[in-house]
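The values are calculated or read from the model by the stated rules, or taken from the named source; none is laboratory data. In this text, all values refer to a predicted model and were calculated from it rather than measured experimentally. Neighbour counts are summed over all protein chains in view; Cβ atoms, including those assigned to glycine, are modelled from backbone coordinates with ideal geometry. Only protein heavy atoms, including side chains, enter the accessible area calculation; ligands, DNA and RNA are left aside. Shrake-Rupley method; radii C 1.70, N 1.55, O 1.52, S 1.80 Å.
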Amino acid sequence: MNDEMLKKYAELIVKVGLNIQPGQRLLIRLTPLEAAPLVHAVADYAYQAGARLVDVQWRDEELILSRFKYAPRDSFDEIAQYRMDGLVQHLEKGDALLSIHAANPDLLNGQDPELVATMMQAYQKALLPASSLIMRDAINWLVVGYPAKAWATKIFPDVDPDTAVEKLWEAMLHICRLDRDDPVAAWQEHNAKLKAVSAYLNEKRYTALKYSAPGTDFTVGLPEGHIWKGAESVSAAGIRFMANIPTEEVFTMPHKDRADGVVTASKPLNYGGSLIENFSLTFKDGKVVAVKAEKGEDTLRKLVEMDDGSCRLGEVALVPFSSPISQSGLLFYNTLFDENAASHLALGRAYKFTMEGGTEMTDDEFAAHGGNFSLTHVDFMVGNDKMDVDGITADGKREPVMRRGEWAFEV
Ligand code: ZN
Ligand code: ZN
């Protein structure tokens with residue numbers, strides 16, 4: 001992992017992803033200890049961009065395992081509240097947030113699913129005040145990855161850990177367009193393309209999308225006023241930022257009461273450290289009425305039954321099969337990467353900014369417009385090179401949106 005590339009990555013994070021403004025503070029969270037070199041490079045660029053203070057909340061996986069080994073069994077609903085309070089305080093001041101995702105997908109394999117679910121639910125619940133601000137784009141925020149050893153080894157199990165890290169880093173360089181002469185310019189061009197696709201879909205005002213693929217025969221309703229988004233977002237303070245690097249998707253919100261049929265996942269889902277494989281969900285009137293999984297069915301059922309909204313959809317996203325992540329042929333076991341490899345849906349909470357006037361709505365108003373609420377938001381992949389998607393117009397006509405996993409229109 002050479003220094004020059006790491007600096008390019010940090011520069012992209014600060015300038016294009018976060019677009020840090022003079023006077024802002026930056027908090028970096030979920031960061032593995034291994035990512036210290038990236039944190040340091042990001043701090044350098046952030047201060048040069050005028051940041052007043054850069055701070056980090058580390059995430060230590062050894063510490064989580066120690067808890068599962070020795071902590072009292074009745075303590076898994078407890079969390080470090082002061083961290084959440086600090087996070088909310090940071091966000092309420094309008095400061096920037098960077099999350100570095102590099103979790104070991106197998107960390108909690110073999111642990112008591114009951115304890116894992118309790119811990120996850122307590123965490124999501126405590127995170128709610130912060131996640132509500134983030135999901136409203138109250139501030140400029142960004143999620144990126146880092147090639148940590150345990151994660152890299154999961155993707156490349158046949159080589160030694162150092163080689164696995166090198167291989168993951170190489171894949172990330174390509175996917176994040178860091179191997180281009182001018183990565184910043186490459187991202188601006190990519191952003192323009194995604195914006196044009198969103199604009200096309202916004203003009204169409206489809207009332208529903210119909211998916212067909214092997215194992216999938218599924219219709220999802222789109223509420224009136226839904227907005228397709230892609231790449232760039234704008235924060236409450238008017239700062240343009242890109243919430244995910246990489247990002248290849250355009251996405252909007254489904255109507256929480258209008259999803260029907262069967263949808264089969266095209267990739268495994270890593271949920272809270274457990275892997276759910278070869279699964280399908282059956283929907284009726286927006287609600288999951290049956291789940292089937294070759295592996296991890298219990299985990300999937302627990303997710304669907306977690307709260308009133310976790311059995312309904314909160315996101316519909318389209319990604320062409322030819323995206324660089326998909327072309328890498330790799331399974332990343334990490335939503336940031338895998339969701340950008342394939343068209344996907346999310347169980348759980350909808351983003352208020354995907355509805356006209358949504359960020360000003362109360363939760364009840366948002367729900368009345370078809371917006372789903374849940375403590376959780378979990379993406380799962382449904383797209384592949386055999387998937388066709390049709391848009392249903394207001395007068396009931398069907399128009400091709402995707403054919404064999406690629407856009408069926410020109411922009
Ligand atoms: Zn998405
Ligand atoms: Zn999502």
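Residue-wise test of (1) modelled with pLDDT under 95; (2) open to solvent by less than 60 Å² (accessible area, probe 1.4 Å); (3) among the basic types (Lys, Arg); (4) in a helix (DSSP H, G or I).
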site: Leu91; (1), (2), (3), (4): no, yes, no, yes
site: Asn109; (1), (2), (3), (4): yes, no, no, no
site: Met120; (1), (2), (3), (4): yes, yes, no, yes
site: Leu142; (1), (2), (3), (4): no, yes, no, no
site: Ala150; (1), (2), (3), (4): no, yes, no, yes
site: Asp158; (1), (2), (3), (4): no, no, no, no
site: Thr163; (1), (2), (3), (4): no, yes, no, yes
Filtered residues of the stretch 216-234 (kept if at pLDDT 95 or above, open to solvent by 10 Å² or more (accessible area, probe 1.4 Å) and assigned to a loop (DSSP other than H, G, I, E, B)) = Glu224, Gly225, Ile227
Going by the structure shown, is Asp181 loosely packed, with under 15 Cβ neighbours inside 10 Å, more than 19 Å from Phe241 (Cβ to Cβ) and at pLDDT below 95?
-> yes
Counting residues that are open to solvent by 40 Å² or more (accessible area, probe 1.4 Å) and away from ligand 1 (no atom under 16 Å from the Cβ), which strands (runs of 3 or more DSSP E) fully inside the stretch 264-338 reach at least 3?
-> 274-284, 287-295
Here are some residues: Lys167, Lys210, Lys154, Lys204. Which one is closer than 24 Å to Leu12 by Cβ and surrounded by 14 or more Cβ atoms within 10 Å (Cβ to Cβ)?
-> Lys167
Which of the residues spanning the stretch 30-64 are in contact with a Leu (Cβ under 7 Å, 6 or more places away or on another chain), farther than 17 Å from Leu142 by Cβ and part of a strand (DSSP E or B)?
-> Trp58
For the stretch 254-262, state whether one or more residues are touching a residue at least 60 places away in the same chain (Cβ under 8 Å), within 16 Å of ligand 2 (Cβ to nearest atom), within 22 Å of Asn372 (Cα to Cα) and assigned to a loop (DSSP other than H, G, I, E, B).
-> yes
Since Phe251 meets every condition but one in (1) out of contact with any Lys or Arg (no Cβ under 7 Å at 6 or more places or on another chain); (2) crowded, with 16+ Cβ neighbours inside 10 Å; (3) under 27 Å from Gln327 (Cβ atoms); (4) among the hydrophobic types (A, V, I, L, M, F, W, C), which condition does it not meet?
-> (1)
The lone condition Asp338 fails out of (1) in contact with a strand residue (DSSP E or B) (Cβ under 7 Å, 6 or more places away or on another chain); (2) farther than 18 Å from Leu222 by Cβ; (3) free of Cβ contacts under 8 Å to residues at least 24 places away in the same chain is (3)
What number of residues within the stretch 170-201 satisfy the criterion of being over 11 Å from Tyr9 (Cα atoms) and of a type in the set (Val, Ile, Thr)?
-> 2
Checked Ala231, Ala236, Ala290, Ala265 against criteria (aliphatic (A, V, I, L, M) and out of contact with any strand residue (DSSP E or B) (no Cβ under 9 Å at 6 or more places or on another chain)); the one match is Ala236
Out of Leu97, Leu108, which single residue is closer than 30 Å to Ser235 by Cα and under 23 Å from the mean Cα position of the chain (by Cα)?
-> Leu97
Would a scan of the stretch 371-390 turn up a residue that is open to solvent by 40 Å² or more (accessible area, probe 1.4 Å), farther than 24 Å from Ala342 by Cβ and more than 16 Å from ligand 2 (Cβ to nearest atom)?
-> no
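Residues are listed down the side, and each one gets a yes or a no for (1) more than 21 Å from Ile100 (Cα to Cα); (2) touching a helix residue (DSSP H, G or I) at 6+ places or on another chain (Cβ under 6 Å); (3) among the charged types (D, E, K, R):
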residue	(1), (2), (3)
Leu222	yes, no, no
Ile245	no, yes, no
Val250	yes, yes, no
Asp260	yes, no, yes
Lys267	yes, yes, yes
Within the stretch 126-137, the count of residues that are open to solvent by 30 Å² or more (accessible area, probe 1.4 Å) and either among the aromatic types (Phe, Trp, Tyr) or modelled with pLDDT of 95 or more (or both) comes to 1
Restricting attention to the stretch 339-370, which residues are more than 13 Å from ligand 2 (Cβ to nearest atom), among the small types (Gly, Ala, Ser) and either part of a loop (DSSP other than H, G, I, E, B) or open to solvent by less than 10 Å² (accessible area, probe 1.4 Å) (or both)?
-> Ala341, Gly357, Gly358, Gly370
